[in-house]
Amino acid sequence: MASSIARNRHWTRPWTFLNGAKTWVVGAALVLLFAHCQSEKEVYLFSSFKEPADAGLRLLYSEDGYHWTRLDSTFLTPQVGDSKLMRDPSIVRGPDGTFHLVWTTGWRGDLGFGYAHSKDLIHWSDQEFIDVMAYDTSTVNVWAPELFYDDEQERYITIWASTIPYRFERGIEDEKNNHRMYYTTTKDFTSFSPAKLFLDPGFSVIDAVIVKRAADDYALVLKDNTRPNRNLKMAFADDPLGPYEGVTEPFTGNFIEGPTTVKLGDEWLIYYDVYQEKIYGAMKTKDFETFTDVTDQIDVPEGHKHGTIFKASAEILEGLKKEAARKTGQ
């Protein structure tokens with residue numbers, strides 16, 4: 001047996017099983033294969049911002065979707081909108097690998113949202129201001145634009161919250177804080193469909209997130225923004241544009257905002273900002289109908305706020321780490 005092992009040992013050492021050019025070719029092929037495997041490996045990224053929201057795009061990363069590490073840098077400084085803020089950054093990776101980013105540009109007055117795209121999250125296109133609500137100048141705000149890629153129609157849907165005074169029953173809310181959800185669609189981020197009403201659940205609503213559970217089966221995570229609730233609820237539809245029905249009772253406590261979702265195996269995590277406590281919480285679910293609180297199992301660095309979780313290659317992450325180190329001189 002020993003002689004057999006010795007006789008075949010060279011088969012376990014691909015760098016030396018042949019001499020000369022063939023050895024180099026095989027070794028190079030293995031290096032390329034390793035590099036390909038590394039580029040195919042994916043990690044989770046979490047877009048975010050820090051108050052006062054003027055520094056720009058921040059990113060966290062995770063390999064398991066539970067434990068997050070900050071990248072100590074910003075990756076895009078906001079340049080559009082009256083206040084030039086970047087709040088609520090939402091990123092979606094398109095089928096061609098391009099990352100598309102939208103964000104809130106200001107608290108009041110701006111009638112649109114910011115947009116830019118990138119292949120590596122480092123080098124970005126020129127920023128644009130998409131004035132989706134310019135058709136009604138009484139609009140108070142455009143908050144928390146959220147991107148969703150509709151793979152069945154091969155289009156991008158952006159939803160956001162706006163207040164148009166005296167348009168809807170306001171309940172106990174002020175006329176200038178009585179939000180409803182609106183949407184626009186695009187295939188190329190050059191031309192956009194006219195803004196239309198996306199959701200009127202009968203109360204002030206913001207921070208909605210579309211989730212595809214299966215073909216013709218969509219869930220909507222939404223924030224009931226009426227006082228004193230400020231909590232998360234669900235609604236359901238057979239099309240990403242709705243109509244969404246069956247608004248549920250809240251599945252979180254009060255004073256919650258900025259939900260985002262990530263699928264891990266056959267389960268989903270819903271992350272959200274518990275803003276009065278200045279921490280992140282999370283719920284685990286398989287069906288968006290029953291939930292388990294897993295806040296004690298997650299780790300999100302302090303100070304990071306409202307963004308979205310998305311996937312990127314390990315190669316992209318390595319580039320981000322190098323860029324962060326370059327900017328901070330580490």
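The values are calculated or read from the model by the stated rules, or taken from the named source; none is laboratory data. Here the structure is a predicted model, which means the values were calculated and not measured. Neighbour counts are summed over all protein chains in view; Cβ atoms, including those assigned to glycine, are modelled from backbone coordinates with ideal geometry.
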**Study point:** segment 270-289, residues that are in contact with a Ser or Thr (Cβ under 7 Å, 6 or more places away or on another chain) and buried (at least 21 other Cβ atoms within 10 Å of the Cβ)
**Key:** 270, 271, 272, 281, 282, 283
**Study point:** Output for segment 107-144, where each listed residue is over 30 Å from residue 326 (Cβ atoms) and of a type outside the set (A, V, I, L, M, F, W, C)
**Key:** 108, 109, 110, 112, 131, 135, 136, 137, 138, 139, 141
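Every residue, every condition in (1) in contact with a helix residue (DSSP H, G or I) (Cβ under 8 Å, 6 or more places away or on another chain); (2) closer than 23 Å to residue 140 by Cα; (3) surrounded by fewer than 16 Cβ atoms within 10 Å (Cβ to Cβ), yes or no:
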{"site": "54", "(1), (2), (3)": "no, yes, yes"}
{"site": "58", "(1), (2), (3)": "no, no, no"}
{"site": "62", "(1), (2), (3)": "no, no, no"}
{"site": "69", "(1), (2), (3)": "no, no, yes"}
{"site": "102", "(1), (2), (3)": "no, yes, no"}
{"site": "106", "(1), (2), (3)": "no, yes, no"}
{"site": "111", "(1), (2), (3)": "no, yes, no"}
{"site": "114", "(1), (2), (3)": "no, yes, no"}
Revision key, fill the gap. Here the qualifying pairs (Cβ atoms under 6 Å; residues six or more apart or on different chains; first in segment 43-58 and within 17 Å of residue 120 (Cα to Cα); second among the polar types (S, T, N, Q) and not in a loop (DSSP other than H, G, I, E, B)) come out as 44/62; 58/48
Practice item. Identify the single condition in (1) assigned to a strand (DSSP E or B); (2) within 28 Å of residue 177 (Cβ to Cβ) that residue 262 does not satisfy, given that it satisfies every other one. Key: (2)
Revision key, fill the gap. Residue 130 meets each of (1) surrounded by fewer than 16 Cβ atoms within 10 Å (Cβ to Cβ); (2) under 24 Å from residue 196 (Cβ atoms); (3) β-branched (Val, Ile, Thr) with one exception, condition (1)
Check your understanding: Which residue pairs have Cβ atoms closer than 6 Å, lie 6 or more positions apart in sequence or on different chains, and pair a first residue in segment 291-315 that is on the phi < 0 side of the Ramachandran plot with a second residue that is of a type in the set (Lys, Arg) and part of a loop (DSSP other than H, G, I, E, B)?
Key -> 314/41
Check your understanding: When residue 247 is evaluated against the numbered criteria (1) under 24 Å from residue 45 (Cβ atoms); (2) surrounded by fewer than 20 Cβ atoms within 10 Å (Cβ to Cβ), which criterion, by number, is the only one it fails?
Key -> (1)
**Study point:** Candidate set: segment 207-240, residues that are surrounded by 19 or more Cβ atoms within 10 Å (Cβ to Cβ) and not in a strand (DSSP E or B); chosen: the one farthest from the chain's Cα centre (by Cα)
**Key:** 226
Check your understanding: Residue check: is residue 143 in contact (Cβ under 8 Å) with a residue 60 or more places away in the chain, surrounded by 20 or more Cβ atoms within 10 Å (Cβ to Cβ), farther than 19 Å from residue 212 by Cβ and in the same structural domain as residue 174 (by TED's automatic domain parsing)?
Key -> yes
Review point. Conditions: (1) among the acidic types (Asp, Glu); (2) under 20 Å from residue 101 (Cβ atoms); (3) without any contact (Cβ under 8 Å) to a residue 40 or more places away in the chain. Residue 245 meets all but one. Number of the miss?
Key: (2)
Check your understanding: Out of all the residues in segment 67-88, which are part of a strand (DSSP E or B) and closer than 23 Å to residue 326 by Cα?
Key -> 69, 70
Practice item. Specify which of the listed residues (307, 329, 303) is surrounded by fewer than 13 Cβ atoms within 10 Å (Cβ to Cβ) and within 18 Å of the chain's Cα centre (by Cα). Key: 303
Point to revise | Residue identified as crowded, with 18+ Cβ neighbours inside 10 Å, in contact with a Ser or Thr (Cβ under 6 Å, 6 or more places away or on another chain) and in the same structural domain as residue 106 (by TED's automatic domain parsing) among 164, 159 | key: 164
